[in-house]
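To keep things clear, I will list the structure first and then write my remarks on it.
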Amino acid sequence: MPYLLAILLSVSLLSGCQSAYYSAMEQVGVHKRDIMVDRVEDANAAQQNAQKQFTSALEGLKALNNFHGGELEAANNDVNDQYKDSEAAVNKVKDRIAAIEDVADALFEEWNDELALYKSATLKRDSANKLRATKAQYQKMLAAMKRAEQKMEPVLDTLRDNTLYLKHNLNAAAIGSLQGEFNSLQREIQQAIRDMNSAIAESNRFIGHLKK
């Protein structure tokens, strides 16, 4: 029970910190809509970095598969480093998406609450319509981001498996046995990159919608 209470308190404090952050930013003229745009752009940058890192990891494994002599340990260390960098890149994408969801919840809640403050029925109706349209565009973007995020997991799994296998089987025969894994990884990375590109395109459309 104390452990559960600690978790609940931590969540409450984090939520409170975010609310305080948004309030402080509003005081200096930076609104939730502005923060949303910044966070979507950060997520785009994180996805682009993940694309580059996956491609780099693939090249590292490709070099190892084409190994014809030299220092096996150094080549394996590079593969291990590529896996760690890829894991960090994926975690950053996840963090950026979570940050978007947080500010989106705050923005839409505030927007909806403020509808009750209108005296003009025309302006209220127009604002409500824009809120629905923005939510719909946001959900489309978020769904694309989540699809891309899900496609990153098989890539990490394959990279992890390769890294673990080579750790205890570092020889030419073991490297040759990974050829099928390499082909699978190549397909997974290509699919992940396509989905990330789709998510980035949806993000740019959403940013354009917010800036109208």
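The C-beta contact set for the stretch 62-85 (first residue over 20 Å from GLU153 (Cα atoms) and open to solvent by 50 Å² or more (accessible area, probe 1.4 Å), second residue modelled with pLDDT under 80 and not in a helix (DSSP H, G or I), distance under 9 angstrom, 6+ apart or interchain) comprises GLU73/LEU170. Exactly one residue out of THR134, THR158 is hydroxyl-bearing (Ser, Thr, Tyr) and at pLDDT below 95, and it is THR158.
Among the numbered criteria (1) polar (S, T, N, Q); (2) closer than 18 Å to GLY60 by Cβ; (3) surrounded by fewer than 12 Cβ atoms within 10 Å (Cβ to Cβ); (4) free of Cβ contacts under 8 Å to residues at least 60 places away in the same chain, which single criterion is violated by THR122? Against the list (1) polar (S, T, N, Q); (2) closer than 18 Å to GLY60 by Cβ; (3) surrounded by fewer than 12 Cβ atoms within 10 Å (Cβ to Cβ); (4) free of Cβ contacts under 8 Å to residues at least 60 places away in the same chain, THR122 comes up short only on (2). Among residues of the stretch 96-119 being without any contact (Cβ under 8 Å) to a residue 12 or more places away in the chain and under 26 Å from the mean Cα position of the chain (by Cα), the one that is least open to solvent (accessible area, probe 1.4 Å) is ALA98. Among the residues making up the stretch 25-44, those that are aliphatic (A, V, I, L, M) and either free of Cβ contacts under 8 Å to residues at least 40 places away in the same chain or open to solvent by 60 Å² or more (accessible area, probe 1.4 Å) (or both) are MET25, VAL28, VAL30.
Out of GLU114, GLU202, GLU149, I need the residue that is charged (D, E, K, R) and either in contact with a strand residue (DSSP E or B) (Cβ under 6 Å, 6 or more places away or on another chain) or within 19 Å of THR55 (Cα to Cα) (or both). Which one? Lay out the reasoning, then the answer.
Values: GLU114 fails: either in contact with a strand residue (DSSP E or B) (Cβ under 6 Å, 6 or more places away or on another chain) or within 19 Å of THR55 (Cα to Cα) (or both); GLU202 fails: either in contact with a strand residue (DSSP E or B) (Cβ under 6 Å, 6 or more places away or on another chain) or within 19 Å of THR55 (Cα to Cα) (or both).
Exactly one residue qualifies, and that residue is GLU149.
When the stretch 128-149 is filtered for residues that are free of Cβ contacts under 8 Å to residues at least 24 places away in the same chain and open to solvent by 50 Å² or more (accessible area, probe 1.4 Å), the ones remaining, listed by number, are ASN129, LYS130, ARG132, ALA136, GLN139.
Return yes or no: is SER198 at negative phi, among the hydroxyl-bearing types (Ser, Thr, Tyr) and loosely packed, with under 15 Cβ neighbours inside 10 Å? Break it down stepwise before answering.
Values: at negative phi: yes; among the hydroxyl-bearing types (Ser, Thr, Tyr): yes; loosely packed, with under 15 Cβ neighbours inside 10 Å: yes.
Yes.
Every listed requirement among (1) out of contact with any Leu (no Cβ under 7 Å at 6 or more places or on another chain); (2) under 30 Å from VAL79 (Cα atoms) is met by HIS209 save one, (2).
The condition of being open to solvent by less than 50 Å² (accessible area, probe 1.4 Å), at pLDDT below 85, hydroxyl-bearing (Ser, Thr, Tyr) and out of contact with any strand residue (DSSP E or B) (no Cβ under 9 Å at 6 or more places or on another chain) holds for only one of SER184, SER177, that being SER184.
Looking at ASP34, ASP78, just one residue is closer than 25 Å to GLY208 by Cα, modelled with pLDDT under 95 and either part of a helix (DSSP H, G or I) or of a type outside the set (A, V, I, L, M, F, W, C) (or both), and that residue is ASP34.
The values are calculated or read from the model by the stated rules, or taken from the named source; none is laboratory data. Just so it is clear, the model here is predicted, and its values are computed rather than measured. Glycine also receives a Cβ, built like all others from the backbone with ideal geometry; neighbour counts cover every protein chain displayed. Please note that ligands, DNA and RNA were not included when accessible areas were found on the heavy atoms of the full protein model with its side chains. Shrake-Rupley method; radii C 1.70, N 1.55, O 1.52, S 1.80 Å.
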